[in-house]
Amino acid sequence: MPSPQLTLSRRRFLVASAGAATALGLAAVPARAAGGPRPFGRYGSPARRLTPGTLYVDPNGRGDFTSVQAAVTAATGSGRTLVLAPGTYRETVAVDVSRTETTWIGASEDPRDVVIVYDHAAGTPKPGGGTYGTTGSATTTVQADGFTARWITFANDWLRADHQDISGTQAVAIKVQGDRGAFLHCRFLGHQDTLYADSTALGTFARQYYAHCYVEGDVDFVFGRATAVYEHCHFRTLNRTDLAGAPYGFVFAPSTAVANPRGYLVTRSHVISEAPDAFYKLARPWVPGSDPTARPMLTVRDTWLGAGIDATAPYTNMSATYPWQNQRFAEYRNTGPGAVVTVPENRPQLTDEQAQSAIREAYLGDWTPWEGC
């Protein structure tokens with residue numbers, strides 16, 4: 001069993017060792033820009049902009065702005081680019097619907113070097129009264145269409161152990177609501193509700209694409225109603241010492257609208273764990289009070305499932321009113337100890353014919369964000 005100290009490793013993991021990151025496929029290239037005379041690497045500088053619409057962010061004052069939110073506020077209109085120098089940006093950031101076709105680039109091309117992090121939880125008291133709630137806990141919120149991020153870590157380092165008086169433990173690293181949101185070689189770090197892949201409204205079908213990303217957490221740490229494809233991603237379930245037994249949590253909690261034919265697709269990915277064997281469920285359906293007709297959809301295919309996943313019963317209910325068997329959960333050609341089919345009725349499988357439409361092209365339509373990534 002992993003060391004209990006790992007449950008408190010969030011802040012240390014923000015600067016994970018190069019060896020560990022390389023093993024996960026996260027270190028795209030060496031961190032060339034960190035601390036040197038060229039904080040923006042090959043992406044220019046305020047004196048030599050890539051384009052007139054490019055802005056530079058550096059916590060050490062060598063860019064146009066020292067905070068990401070200040071740069072977002074200045075980047076009005078459409079088609080702007082933000083280049084982020086290595087550093088830890090402790091702030092909350094919001095990209096509203098008017099700032100479309102925005103691109104954020106981690107200048108070193110290593111997501112460990114550029115970290116956007118804060119520590120609000122759903123139950124954290126707000127200065128004006130009340131609490132933040134799940135949505136308000138997000139470190140970063142993206143509502144705009146056409147958003148792209150490369151080589152950036154999005155994190156929420158709120159820890160249960162530090163706030164045992166708070167019961168609302170949801171702590172979102174990022175909430176993505178826009179259509180055509182692409183995240184390439186990014187990391188998402190948190191515990192409960194890490195990555196909120198959602199949409200701006202119940203009747204809006206937002207498409208999102210996550211490639212070569214790393215996501216970790218414990219309870220429902222990938223959740224929401226977006227149409228989202230996760231390709232070549234690593235999902236890591238965390239150990240817990242605050243619970244006496246299984247389950248420690250759930251990887252996916254989709255809340256797909258009943259009218260949406262496409263929910264979450266996980267393909268050619270890995271699910272690993274630092275928790276004991278079989279202490280995690282692969283998914284449970286989320287039918288929120290705001291949409292009692294939701295019919296959550298998740299397909300996991302061609303993916304390696306580690307021993308941390310309960311192979312006998314990988315799915316469970318969030319509410320007995322909405323049993324997982326009535327939702328749209330399926331698997332196809334998964335491998336690994338967590339993928340062994342021991343109770344067939346607990347592991348619905350796609351047929352070969354059905355699998356032909358469970359591909360990124362069918363989910364994302366005429367949008368092809370994988371080109372050039």
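For region 153-232, what is the accessible area per residue in Å² when the probe is 1.4 Å?
Values: 1750 Å² over 80 residues.
Result: 22 Å² per residue.
Enumerate the amide H contacts of Ala94 below 5 Å, restricted to partners 5 or more residues apart or on another chain; note that Pro and chain-start residues carry no placed amide H.
Amide H neighbours of Ala94, under 5 Å, 5+ apart: Thr141.
Mind listing the long-range amide H neighbours of Val219? Cut-off is under 5 Å, sequence gap 5 or more, other chains count too, H placed in the peptide plane at 1.01 Å from N.
Gln192, Asp193, Phe250
Go ahead and estimate [θ] at 222 nm for the chain from helices alone: -39,500 (n - 2.57) per DSSP H run with n ≥ 4, summed, over the residue count, rounded to 500. Show your work: numbers first, answer last.
Numbers: 6 runs with 30 residues, N = 373.
Computed ellipticity for the chain at 222 nm equals -1500 deg cm²/dmol.
Carbon and sulfur atoms: what percent of the 1.4 Å accessible area of region 146-273 do they account for? Could you put the intermediate results ahead of the total?
Details: 1520 of 3150 Å².
Percent of accessible area from carbon and sulfur atoms in region 146-273: 48.
Short version: ³J(HN,Hα) in whole Hz for each residue of region 289-302, in order, from phi by Karplus 6.51 cos²θ - 1.76 cosθ + 1.60 (θ = phi - 60°), x for Gly and Pro, what are they?
Values, residue by residue: x, 6, 8, x, 8, 4, 10, x, 10, 9, 10, 10, 9, 6 Hz.
List, in order, the whole-Hz ³J(HN,Hα) value for each residue of region 98-115 obtained from phi through the Karplus relation with A = 6.51, B = -1.76, C = 1.60 and θ = phi - 60°; use x for Gly and Pro.
My calculation for region 98-115 gives 7, 9, 7, 6, 8, 10, 10, 10, x, 4, 7, 6, 9, x, 5, 7, 10, 10 Hz in order.
Hey, any idea what % of region 321-373's accessible area is carbon plus sulfur with a 1.4 Å probe? Walk me through the numbers before you get to the answer.
Working: 1500 of 3050 Å².
Answer for region 321-373 is 49 percent, counting heavy atoms of protein chains only.
Could you run the Karplus curve 6.51 cos²θ - 1.76 cosθ + 1.60 with θ = phi - 60° over region 127-140 and give me ³J(HN,Hα) per residue in whole Hz, x for Gly and Pro?
x, x, x, x, 10, 6, x, 4, 4, x, 7, 4, 5, 10
Okay, which of region 270-298 sit inside 16 Å, backbone N to the point 7 Å along the Cα-Cβ direction of Phe205?
From region 270-298, the list is 294-298.
Under a 5 Å amide H to amide H cut-off, with H placed in plane at 1.01 Å, what residues pair with Phe188 once short-range neighbours are removed?
For Phe188, the qualifying residues are Phe154, Tyr214, Val215, Glu216.
Per residue, how large is the accessible surface of region 237-373? Use a 1.4 angstrom probe and give square angstrom. Could the numbers behind the result be given before it?
Details: 5830 Å² over 137 residues.
Accessible area per residue, region 237-373: 43 Å².
The values are calculated or read from the model by the stated rules, or taken from the named source; none is laboratory data. Note that the coordinates shown come from a computational prediction; the quantities given were computed from them, not determined experimentally. Neighbour counts run over all protein chains shown; Cβ positions are idealised from the backbone, glycine included. Side chains included, ligands, DNA and RNA excluded: accessible areas come from the protein's heavy atoms. Shrake-Rupley method; radii C 1.70, N 1.55, O 1.52, S 1.80 Å.
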